[in-house]
Amino acid sequence: MKQQKQFTCQDIEHEGEDIQGFCLNLGCQDSKPQFCLQCGVDPMKHSNCKKDLKGFGYISSFITKFNQNILDLTTQLDKSFVQVKQKYEEFSKQLEKIKLQLLKISQYLNQQDYNQMKENLQLIKEGYQYLNNQEEIKKQNQIGTQLINIKQMIEAWDLNKIQQQTQYIDHQSILQQGLQLLNQQKWQQANELLIKNIKNLEKQLSFAKFFQSISLIEMNQTGIGINMRDQAKKINSNLFKDLLDYSDQELKQNPQNAFILIAKSYALNDEKQFQLAIQQCDKVLLEEPQNIHALYRKCFSLFDLKEYEQAIQCIDKALISNSKYSIGLSMKGVSLEKLQFCLFFFNKQQKPILNQFFSLLFT
Ligand SMILES: [Zn+2]
Ligand SMILES: [Zn+2]
């Protein structure tokens, strides 16, 4: 009590006034957090955080409340740790058991003891379905179900994914923070935060429009698709640079993501990195040689490299799968036109070789 008496307001005009409490606003701009009754009504003090001036009584009950919250969180964390630990032990045992069984079976195989192998074939059958037809696994496949459960738990604990989810929440909370600042009439800070939020949203919107443009073009709605792509570029003048960053991030999670690989090729092509763009398409074509979207984009980059013959060969593969693929047909059209244009000039200088060249190309 004696000490509290000594804690008086430093403001000369408020001499001797007892301090009532503290300002709890994290963004408070005032030099001193403590306030007396006169500070509380002074419009020059804590002007943006009057509602956060809290008396010692309030602070005391707040500490109790905050402490309870921390205790609850500790209990939840402990509980979830016990659960995870149980699951971890259970799953480790299951994996160990499978390993031992596999060892036994391969011993039977080495000893050509096919009867014993037959006795244990269930495990191999279940594993075979797990590795080849995961989507068909039902409860009856015990090993398969166990392994899927284990994978799911690992995924649930994947820290990268948790961080991604938090990033998503951040978008929402930026808007919330903005509203709070507006309520506190911190116009400048609110403005800066909202600019950041709008930029993020514009980036998301430009990606959505760009991806939509791709699906429209792939559905032969080329005109609307190209229009949509122009809209995406208008919203975000940095579209392809952002797309490159985005696809690199996504590919870190899953390097085989075919659509993202092709999306990256668009971005690289825009940066005039044609060879690298082709490499992305080739990665997809290695797995799916008939991916017509990848064939079209590879053709597009070959065209930009002025490799018209190769561009035609490439788009022809796509047109075999879908002879009505309209963007493919127009790519073939412009490539043929360019090729003939080149041949025309070639003609003037080297007529004899030209005939040979023609016969090679068009027979
Ligand atoms: Zn004061
Ligand atoms: Zn304050």
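Laid out as a table, the results:
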| read-out | value |
| --- | --- |
| Residue-averaged [θ]222 nm for the chain, counting only DSSP H segments that reach four residues, each worth -39500 (n - 2.57) | -25000 deg cm²/dmol |
| About the Cα centre, charge dipole magnitude for the chain (Lys/Arg +1, Asp/Glu -1 at Cβ), debye | 600 |
| The chain: angle of helix 292-304 to the longest principal axis, Cα-based, in degrees nearest 10 | 80 |
| Given charges at Cβ of Lys, Arg, Asp, Glu: the chain dipole, positive-most of 340, 112, 290 | 340 |
| Interchain or long-range residues, amide H under 5 Å from residue 55's placed H | none |
| The range 102-116 - phi-based ³J(HN,Hα) in whole Hz, Karplus 6.51/-1.76/1.60, Gly and Pro as x | 5, 4, 4, 5, 6, 5, 4, 4, 4, 7, 6, 8, 5, 5, 4 |
| For the range 146-156, Karplus couplings with θ = phi - 60° (6.51, -1.76, 1.60), whole Hz, Gly/Pro x | 4, 5, 5, 4, 5, 4, 5, 5, 4, 5, 4 |
| Interchain or long-range residues, amide H under 5 Å from residue 20's placed H | 35, 36, 37 |
| The range 233-240 - phi-based ³J(HN,Hα) in whole Hz, Karplus 6.51/-1.76/1.60, Gly and Pro as x | 5, 5, 5, 9, 5, 9, 3, 6 |
| Fluctuation leader among 237, 80, 335 - the chain, Gaussian network, Cα springs under 10 angstrom | 80 |
| Pairwise centroid distance, computed over Cα atoms, of the range 174-243 with the range 319-338, Å | 32 |
| Peptide ranges 311-320, 40-49 listed from the most packed, as the mean C-beta count within 10 angstrom indicates | 311-320, 40-49 |
| Degrees, to the nearest 10: 274-287 long Cα axis against longest axis of the chain | 80 |
| Mean-position separation - Cα centroids, the range 62-99 and the range 102-156, in angstrom | 30 |
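Bear in mind that the values in this text are calculations on the coordinates, not laboratory data. Because the structure is predicted, anything quoted here is derived from the model rather than measured. Cβ sites come from the backbone with ideal geometry, for glycine too, and all protein chains shown count toward neighbours.
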